[in-house]
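Engineer: First the structure, then my questions, so here it is.
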Amino acid sequence: MDTLYIVMPAYNEEANIETTIKQWHPVCEKINAEGNAAKLVIANDGSKDNTGKVLAQLKSKYPHLEPLDKPNGGHGATVLYLYRYAIDNGADYIFQTDSDGQTNPDEFYDFWAKRANYTGQFGNRTERGDGQQRAFVEKVVCLLVRIFFRVKLPDANAPFRLMQTEALKRYIDVMPKEYNLPNIILTMCFVRFREQVRFMPITFKPRQGGVNSINMKRIFKIGWQALRDFRTIKKNLK
């Protein structure tokens, strides 16, 4: 039996969270029905709206939902928090996506079917519904990763990734505990250290509701700090 944790950070997602759960909870139901085990773990990252209350109310309606509540730390820190939570609770596989409804649950099953063949499977957003600015930022990120770490990636930061826990454990501690861009570093590590990986095209829809809390100004601020940490991370990789 394989144990899967589907993990999602949530910040001010009151407008999206129930729809997202309705979309992803059937994945857990299907996996459990097949004789494996799956949980949908969503961490409320200190939201200022009613995200936490909605999650608590939905727990009784969706038996495989496991809501968590934590002080605000930002998207990246919350992703790392969820990874460590899944590791500590015995997950064999960890799948991360976001709670804003931009990814397609139907595309997960191909990843799951190939789970024994790859230590890491990563989405590749060949077409993006979140705008040209963010697509440009991703291209810059991939260029910087290639320059700094000498690793070529088609998509470094897609929130659609299935990883074997044992592989994830090899790299999670190379970053500061509150690192802002953990998925970029993890994707880089999986490729740099020749894990069995594949990148698959995925659908990436426009945000389904609410307002994105990370604007371009904040993206560049987060990115600048993360780049300053690249030197430390590179030393930790040796």
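The values are calculated or read from the model by the stated rules, or taken from the named source; none is laboratory data. Keep in mind that this is a model prediction, so the values were computed, not measured. Backbone-built Cβ (ideal geometry, glycine too); neighbour counts: all protein chains shown. The area values use the complete protein model at the heavy-atom level, side chains included, leaving out ligands, DNA and RNA. Shrake-Rupley method; radii C 1.70, N 1.55, O 1.52, S 1.80 Å.
Engineer: Out of residues 5 or more away from residue 70 or on other chains, whose amide H comes under 5 Å of its own, with H placed 1.01 Å from N in the peptide plane?
Structural biologist: It is 44, 46, by chain and number.
Engineer: Could you point to the residue in 24, 109, 81 farthest towards the positive end of the chain's charge dipole, with +1 and -1 charges on the Cβ of Lys/Arg and Asp/Glu respectively?
Structural biologist: Of 24, 109, 81, it is 81.
Engineer: What value, in deg cm²/dmol to 500, does the helix sum -39500 (n - 2.57) over DSSP H runs of n ≥ 4 give at 222 nm once divided by the residues of the chain?
Structural biologist: About -13000 deg cm²/dmol.
Engineer: So how far apart, in nm, are the two label points at residue 235 and residue 88 if each is 7 Å from Cα heading toward Cβ?
Structural biologist: Between residue 235 and residue 88, the simple spin-label model gives 2.8 nm.
Engineer: In Å², and per residue, what accessible area does the chain have when probed at 1.4 Å with the other protein chains present?
Structural biologist: Per-residue accessible area for the chain comes out at 48 Å².
Engineer: With a/c under 1.5 counting as rounded, go ahead and sort segment 1-101 into rounded, prolate or oblate using the C-alpha gyration tensor (a ≥ b ≥ c being the square roots of the eigenvalues; past the cut-off, prolate if a/b is larger than b/c, else oblate).
Structural biologist: Working: a/c = 2.11, a/b = 1.33, b/c = 1.59.
It comes out oblate by the Cα gyration axes.
Engineer: While we're on this one: Out of 121, 186, 142, whose Cα points farthest toward the positive end of the dipole of the chain (charges: +1 Lys, Arg; -1 Asp, Glu; placed on Cβ)?
Structural biologist: Of the options given, the answer is 142.
Engineer: Then there is this: For segment 123-204, which GluC sites (Glu not before Pro) pass both filters: DSSP loop (anything but H, G, I, E, B) and at most 11 other C-beta atoms within 10 Å?
Structural biologist: Details: sites: 127, 138, 166, 178, 195; in loops: 127, 178, 195.
For GluC sites (Glu not before Pro) across segment 123-204 that sit outside H, G, I, E and B with at most 11 neighbouring Cβ atoms in 10 Å, the list reads 127.
Engineer: Turning to a different aspect of this structure: How large is the dipole of segment 43-170 about the Cα centre if only Lys and Arg carry +1 and Asp and Glu carry -1, each at its Cβ, rounded to the nearest 20 debye? Working shown, then result.
Structural biologist: Values: 18 positive and 16 negative charges, 85 e Å.
Approximately 400 debye in magnitude.
Engineer: Give the percent of DSSP beta bridges with both residues in the chain that are antiparallel, rounded to the nearest 5.
Structural biologist: 25 percent
Engineer: Whole-Hz Karplus ³J(HN,Hα) for segment 31-39, in order, using 6.51 cos²θ - 1.76 cosθ + 1.60 and θ = phi - 60°, x for Gly and Pro?
Structural biologist: Computed from phi, the couplings for segment 31-39 are 5, 5, 5, 7, x, 9, 9, 9, 10 Hz.
Engineer: Between residue 22 and residue 147, what is the label-to-label distance in nm when each label sits 7 Å out along the Cα-to-Cβ direction?
Structural biologist: Going from the residue 22 label point to the residue 147 one covers 4.5 nm.
Engineer: Could I ask something else about it? By a straight-distance test (C-alpha under 24 Å), which lysines pair with residue 70 as possible cross-link partners, with residues fewer than eight away in the same chain excluded?
Structural biologist: The reachable lysines, counting only those whose Cα sits under 24 Å from residue 70, are 22, 39, 48, 53, 59, 61, 169, 177, 221.
Engineer: Treating only the Cβ of Lys, Arg, Asp and Glu as charged (+1, +1, -1, -1), what charge dipole size does the chain show about its Cα centre? Round to the nearest 20 debye.
Structural biologist: 1180 debye
Engineer: Continuing with the same structure: So, with +1 on the Cβ of K and R and -1 on the Cβ of D and E, and no other charges, what is the size of the charge dipole of segment 7-88 about its Cα centre, to the nearest 20 debye?
Structural biologist: 80 debye
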